[in-house]
1. Positive end of the charge dipole of the chain (Lys, Arg +1 and Asp, Glu -1 on Cβ, about the Cα centre): tell me which of M270, W127, A309 has its Cα farthest that way.
2. Express in whole angstrom the spacing between the alpha-carbon centres of the range 90-139 and the range 250-320.
3. About the Cα centre of the chain, how large is the charge dipole given +1 on each Lys and Arg Cβ and -1 on each Asp and Glu Cβ? Please answer in debye to the nearest 20.
4. Using r as the Cβ-Cβ distance of A43 and D296, and R0 as 22 Å, what FRET efficiency do you calculate, to the nearest 0.05?
5. Under 12 Å from the Cα of K92, which aspartates and glutamates turn up, not counting those fewer than eight places away in the same chain?
6. Only bridges whose two residues both fall in the chain count here: according to DSSP, what percent of them are antiparallel, nearest 5?
7. Using DSSP to call loops (not H, G, I, E or B), can you name the GluC sites (Glu not before Pro) in the range 157-191 whose Cβ has at most 15 other Cβ atoms within 10 angstrom?
8. Restricting to DSSP loop positions (anything but H, G, I, E, B) with no more than 15 other Cβ atoms inside 10 Å of their own Cβ, which GluC sites (Glu not before Pro) remain in the range 68-139?
Amino acid sequence: MKKTIMFLVLMTTMVIITACGESGSSDEPLQVYTHNDSEEMDAMVENIEENTGVQLDVLRLSSGEGWSRIEAEAPEIGADMQIGMLHGFGMKAEEEGYLLPYESEQWEDVPDKFKQEDGEWYGTSFWYNMIAVNEDIIEDKGLDVPQSWEDLLDPQYEGEIALPDPGTSGTAFLIVSTIMQQMGEEEGWDYFEQLDKNVGQYTKSGSAPAQLVAQGEYAIGVSWDQAVLDYIDEGYPIKSVMPEEGVGYSLDVAWIFENTDQPEKAKEVMDYLGSQDFMELSAEYRSMVTKPGITDDSNVSDNFIDYDAQWDADNRDRIMEEWQNKFSN
């Protein structure tokens with residue numbers, strides 16, 4: 001009898017262990033990819049874990065690197081979720097069938113333009129390009145403060161501009177796509193060939209130009225809004241410039257990968273990303289979030305061009321291949 005009982009207990013234990021192995025143990029963290037800056041993402045992870053009880057294991061990669069990894073891993077992508085990525089990549093991931101649709105009630109009050117209608121991706125915030133200018137260097141060298149994209153071509157800025165590399169940086173591709181959509185491709189390529197003469201450094205990340213300008217290494221950096229505004233808030237001698245021709249903007253999106261083995265946890269996190277609490281935290285790091293009533297974009301939206309994110313998604317690979325041929329060593 002004792003042997004029979006012990007055998008039954010052993011078999012029951014093995015069944016439980018097998019079931020846990022198939023479904024993922026309760027304490028197994030969600031694997032997450034992100035392109036968000038480390039400081040921002042660390043705060044978000046802590047907030048998500050405290051409010052959902054779901055543990056996250058995060059790998060940070062720039063937008064271009066992250067997308068290359070996803071394509072290389074598909075269909076067995078090595079993450080359960082993406083929290084923070086360019087809107088255009090969300091569209092491409094949707095087209096490739098990488099995403100798990102999930103219609104979350106927490107996102108119902110977010111305007112439709114900031115989310116995919118079947119719940120394959122959701123936009124938490126949106127951001128735009130901005131020029132950072134080091135006022136001390138400008139004064140010391142007797143340079144003019146640029147007011148437009150066109151001004152950046154002036155020979156007085158030779159070697160004075162830091163620009164992110166579109167091969168790795170989503171911020172940089174937004175610049176490229178903005179210029180192409182405003183000028184057309186032929187004139188746009190001519191613009192970047194002229195701009196290249198003034199670029200002193202191409203950086204891997206979109207935030208780096210703002211940092212280099214704040215540190216006094218370059219007079220001018222083309223970056224994104226929050227990176228520039230953060231350095232201004234910290235007291236660095238820089239000012240922000242919104243190009244007169246207008247700027248492109250992009251959603252920062254999140255999604256669940258279709259091949260996740262922890263869909264319920266991922267859905268719980270996605271619900272929380274649409275909550276008032278999370279959006280208020282995001283507003284501490286982003287100038288604009290998508291949930292109504294938290295941030296006010298009325299002072300900047302007039303500077304936005306009619307940006308076509310679908311053009312971004314459809315043409316990125318082709319444009320980047322040509323960029324590499326023209327400007328990469």
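Every number in this text was worked out from the coordinates using simple rules, so none of it is lab data. What you see is a predicted model, and the numbers here were worked out from it, not measured in a lab. Quick reminder, even Gly has a Cβ in these numbers, built from the backbone with ideal geometry, and neighbours come from all protein chains shown.
1. Value: M270.
2. With the range 90-139 and the range 250-320 each reduced to a Cα centre, they are spaced 3 Å.
3. 1260
4. Efficiency computed from Cβ-Cβ geometry: 0.50.
5. Once the sequence-local aspartates and glutamates are set aside, what remains near K92 is E71, E120, D312, D314, D317.
6. Percentage antiparallel, nearest 5: 60.
7. Taking the range 157-191 and a limit of 15 other Cβ atoms within 10 Å, the loop GluC sites (Glu not before Pro) found are E158.
8. In loop regions of the range 68-139 (DSSP not H, G, I, E or B), the sparsely surrounded GluC sites (Glu not before Pro) are E76, E96, E103, E108, E117.
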